[in-house]
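Chemist: Handing you a structure now.
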């Protein structure tokens, strides 16, 4: 009997370990392969030059710049709106049908496929508002896509500030807004930042939303205003992998390497902020 | 002089009738202790006085609560809470430095002058018997103080706002006997300037510090009288039972 339970335990452990391995191995493999094949392509010219010879040589500078612009635009749009919405939902809204509906809508918004956002952006920003295919349209589309992430993480950050702090502040005669401004927000900022950066990473890596709204196949010069089209890393990678024949694998993996580094770097920053916050947390 | 007048006070949380038909007065510069077993409505009663119950969405109140003949529901809530300070059951410093904790209320009310703020913080800490212990640690996080120091910090923080009434909600429930004695000393000194309402689970504490004592049971005010009367010759059988430790 005893031996039998021991054996069951070993079998369970084996499967649990296997599941863990199945998660770790693909991540490790992706990173190893991209680094191994992409790293040799990385040099100053690759990072700072425009694409040459039909994108088979030269660099990817316009795509890097485009992605940075798009991500910045998305965050300028999504952070204030998302944060204000989160403050409203966590601090002001009463628990009734309407707010439950809003919460449900936000959760569902997070589950909408990114290509649908692309189509939505095309219809709303490019066509209806006549922004054309431009950085503005792309940024707004990406911004809407990451809004649910920002709202959800910000709300969690705000709600994780102990309720007793609010009571103390109010009992000292502070107004509700003063309480939010001086007690709740300062203690929620690290969590809000973490969510924002995760949203940034997501925005940087998505292809579908920018496909319809901003991304250019090839541009010889950098965008000069928010109404210009721009190249972007994920779309550029798609093009040189499928649309342009005879592109050296080195260039493709180099592009993938740059994109991966960008996104992983953002996630790393988010992890560091969270870690520092946990260490500093005083309650 | 009468500070608080309470007429026919009834409080509900949803369908729970938490306070039933309470009539009483609270005098200026007295320590009124409120005793009673768990869920007898003591804390609810206390939180009605500074309208902290209002935060609860299903809270409902009828009757009249008057502070110096003025209906407290007609006063601006921030002004009311400046007049009626509160010290909570657990030491609850805000995640700020010692100085900023004490200065918080004054700052929220618009005090910007650094010298005045400093003076106010020092005065409040002295009144709470904490100044000597923390005068060199004003910029440290308030969480680094011991539990008893934190609770006196909370008292100082309430004092710094300049209240007229102080509400204490079981202020010593998390403290050791020595810290408890310090907090009680502070209270006895404070009643010269302030009106104090003390909710306590510790019957002996009520006997030690209170001028008058009110006994609550399941939301009803059973008896209110001078503390020595309550403890030597209570009128109600249930009061007698409670203070003798027969229940609760």
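The values are calculated or read from the model by the stated rules, or taken from the named source; none is laboratory data. Worth saying up front: this structure is predicted, and the values here are computed from it rather than measured. Ideal geometry is used to build each Cβ from the backbone, glycine not excepted, and the neighbour counts take in all protein chains shown.
Chemist: Every residue in the range B:42-58 that is surrounded by 14 or more Cβ atoms within 10 Å (Cβ to Cβ) and closer than 11 Å to residue B:13 by Cα, please.
Modeler: Correct list: B:44, B:53, B:54.
Chemist: Another question, if that's okay. Would you mention how many residues in the range B:151-179 are buried (at least 23 other Cβ atoms within 10 Å of the Cβ) and assigned to a helix (DSSP H, G or I)?
Modeler: Qualifying residue count for the region: 10.
Chemist: Which residue is surrounded by the fewest Cβ atoms within 10 Å (Cβ to Cβ), if the candidates are limited to the range A:186-228 and must be within 14 Å of chain B (Cβ to nearest Cβ) and either part of a loop (DSSP other than H, G, I, E, B) or without any contact (Cβ under 8 Å) to a residue 60 or more places away in the chain (or both)?
Modeler: A:186
Chemist: Let me ask you something else. Which of the residues that make up the range B:88-106 are part of a helix (DSSP H, G or I) and at the interface with chain A (Cβ under 8 Å from one of its Cβ atoms)?
Modeler: B:104, B:105
Chemist: Got at least one residue in the range A:92-100 being surrounded by 11 or more Cβ atoms within 10 Å (Cβ to Cβ), under 26 Å from residue A:198 (Cα atoms) and within 24 Å of the chain's Cα centre (by Cα)?
Modeler: No: zero hits.
Chemist: Is there a residue being under 15 Å from residue A:257 (Cβ atoms), buried (at least 16 other Cβ atoms within 10 Å of the Cβ) and either modelled with pLDDT of 90 or more or more than 25 Å from the chain's Cα centre (by Cα) (or both) anywhere in the range A:48-55?
Modeler: Checking the range A:48-55: not a single residue is under 15 Å from residue A:257 (Cβ atoms), buried (at least 16 other Cβ atoms within 10 Å of the Cβ) and either modelled with pLDDT of 90 or more or more than 25 Å from the chain's Cα centre (by Cα) (or both).
Chemist: Now a separate question. Counting residues that are away from chain A (no Cβ under 13 Å) and within 16 Å of residue B:216 (Cβ to Cβ), which strands (runs of 3 or more DSSP E) fully inside the range B:1-87 reach at least 1?
Modeler: Fully inside the range B:1-87 and qualifying: B:2-13, B:16-27, B:31-35, B:59-67.
Chemist: Okay, next question. For the range B:101-116, which residues satisfy the criterion of being over 22 Å from residue B:174 (Cα atoms) and crowded, with 20+ Cβ neighbours inside 10 Å?
Modeler: Residues satisfying the conditions are B:103, B:104, B:105, B:106, B:108.
Chemist: Among the residues that make up the range B:110-119, is at least one of them in a helix (DSSP H, G or I), in contact (Cβ under 8 Å) with a residue 40 or more places away in the chain and more than 9 Å from chain A (Cβ to nearest Cβ)?
Modeler: No: the range B:110-119 contains no residue that is in a helix (DSSP H, G or I), in contact (Cβ under 8 Å) with a residue 40 or more places away in the chain and more than 9 Å from chain A (Cβ to nearest Cβ).
Chemist: Okay, moving on. So, in the range A:5-47, exactly how many residues are more than 15 Å from residue A:256 (Cβ to Cβ) and outside any helix (DSSP H, G or I)?
Modeler: 1
Chemist: Looking at (1) surrounded by fewer than 22 Cβ atoms within 10 Å (Cβ to Cβ); (2) within 12 Å of chain B (Cβ to nearest Cβ); (3) touching a helix residue (DSSP H, G or I) at 6+ places or on another chain (Cβ under 6 Å), which is the only condition residue A:177 fails?
Modeler: Answer for residue A:177: the failing condition is (3).
Chemist: Sticking with this one: Residue check, residue A:161 against (1) crowded, with 18+ Cβ neighbours inside 10 Å; (2) more than 14 Å from every other protein chain (Cβ to nearest Cβ); (3) modelled with pLDDT of 90 or more, all met but one. Which one?
Modeler: Every listed condition holds for residue A:161 apart from (2).
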